[in-house]
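These notes concern the structure reproduced below.
Quick note: the coordinates plus some simple rules give every number you see, no bench work behind them. Everything numeric in this text was worked out from a predicted model, so none of it was measured. We place every Cβ from the backbone using ideal geometry, glycine too, and count neighbours over all the protein chains shown.
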């Protein structure tokens, strides 16, 4: 048997083997990547990591007890940027009271409720967006995007038994949440403390 004949005869058999090996490597890489992504996501918000973050927050001398949700360390800078940029002109609203789409529009609009403001530049804008996106909830497909607290079903859901003032503005929050200007929405006014209803 000549060398040329052997080479031709073995060549076609090696092609499927090479293809199979490449396919196997590709599939194993995809599986490994998805497992790592799941593990990372699970670790970021696992009960142990939240408990650890709570312990760190409790031990901190500047613990923000009144904030709406515990903010994991990876989103603290986003919250800090939010408070610095939004809390200097008005009471900073918790991201939970407005839908994700509202926050997205607000970050892109220099006309902020009738006031011309400078838009944030990257990377601060992206860091802030990550924070807002995680702590807000998306709207359904057919829902209109609310731009006022009174229009937000999320705000209404957080205040089910409260007769809300009209007009409803961020300043209105301070009537029931006296420390709202410090981003503390858990401390309630004395007239609400007895009921322990969250206004």
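Summary of computed values
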read-out: Peptides 142-155, 15-28 ordered by average Cβ neighbours within 10 Å, highest first; value: 142-155, 15-28
read-out: Rough spin-label spacing in nm, given labels placed 7 Å along Cα→Cβ, for residue 113 and residue 101; value: 2.1 nm
read-out: Difference of contour (0.36 nm per residue) and Cα-Cα distance, residue 89 to residue 31; value: 16.1 nm
read-out: Dimensions in Å of the range 96-152 - Rg and Dmax from alpha carbons; value: 11.7, 32
read-out: Gain in span if fully extended, residue 171 to residue 70, counting 0.36 nm per residue against the direct Cα distance; value: 34.0 nm
read-out: Gain in span if fully extended, residue 162 to residue 80, counting 0.36 nm per residue against the direct Cα distance; value: 26.6 nm
read-out: Two-decimal ratio, the range 70-193, of alpha-carbon radius of gyration to 2.2 N^0.38 Å; value: 1.06
